[in-house]
Amino acid sequence: MESESKHFSHEHDLTLNKVQQLEDGETKRAVCYGCLEPIAEQAFFSCRSCDDFFLHQTCANLPKELEGPAHPQHPLILLANRSCLCDVCDRHWEGFTYNCALCDFDQCIACALLGKIKHVVHNYRLIPYTQAQKTDTGGEEAECDGCNKSITDHGAYSCSETS
């Protein structure tokens, strides 16, 4: 049984699919509109009217509003098709972005979701390392446990259990 759904990022109804429903050539070119990653080995939505719109099921189910440690002042709103510089990791990003219009703050979905995953070499969730945590070190420069370099304002993460 096929499941159809509306999503704010696209004007047509979307159909839920399994990867096996794509031809070999289509799997190689199918890219998620939200995260810009290939559609591979997970459920996804596609548009019957457009032959080039794909959306991972996980990207389609992202919360429309997000509150988190990277920007505790205001909730972040999920926007589609935004080109920006992520204020957490300092990377150029296109696709789904969490944004605070009041502060002109952007967070790519990769950074927004990092707090929901575990790193292979750490037992607890990682969350973005904030400026507040940096001042809690008593003015000492914090170092990355992976590369031993000084942590900058952007692009670092800390343990959710010790923060």
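The values are calculated or read from the model by the stated rules, or taken from the named source; none is laboratory data. Since we're looking at a predicted model, the values are computed, not measured. Positions of Cβ are generated from backbone atoms using ideal geometry, with glycine treated the same way; all protein chains shown enter the neighbour counts. Each accessible area value is taken on the protein alone, full model and side chains, heavy atoms only, with ligands, DNA and RNA left out. Shrake-Rupley method; radii C 1.70, N 1.55, O 1.52, S 1.80 Å.
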The correct count of residues that are of a type in the set (Gly, Ala, Ser) and open to solvent by 20 Å² or more (accessible area, probe 1.4 Å) in region 27-45 is 2
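Give the number of residues within region 65-87 that are in contact with a Lys or Arg (Cβ under 9 Å, 6 or more places away or on another chain) and within 11 Å of PHE105 (Cα to Cα).
Residues in region 65-87 being in contact with a Lys or Arg (Cβ under 9 Å, 6 or more places away or on another chain) and within 11 Å of PHE105 (Cα to Cα): 2 in total.
Which of the following residues is within 25 Å of ASN17 (Cβ to Cβ) and either surrounded by fewer than 16 Cβ atoms within 10 Å (Cβ to Cβ) or touching a Gly at 6+ places or on another chain (Cβ under 8 Å) (or both): ALA80, ALA101?
ALA80
Go through region 53-163 and tell me which helices (runs of 4 or more DSSP H), entirely inside it, have 3 or more residues that are at pLDDT 60 or above and in contact with a Phe, Trp or Tyr (Cβ under 7 Å, 6 or more places away or on another chain).
The helices (runs of 4 or more DSSP H) meeting that bar are 57-60, 109-114.
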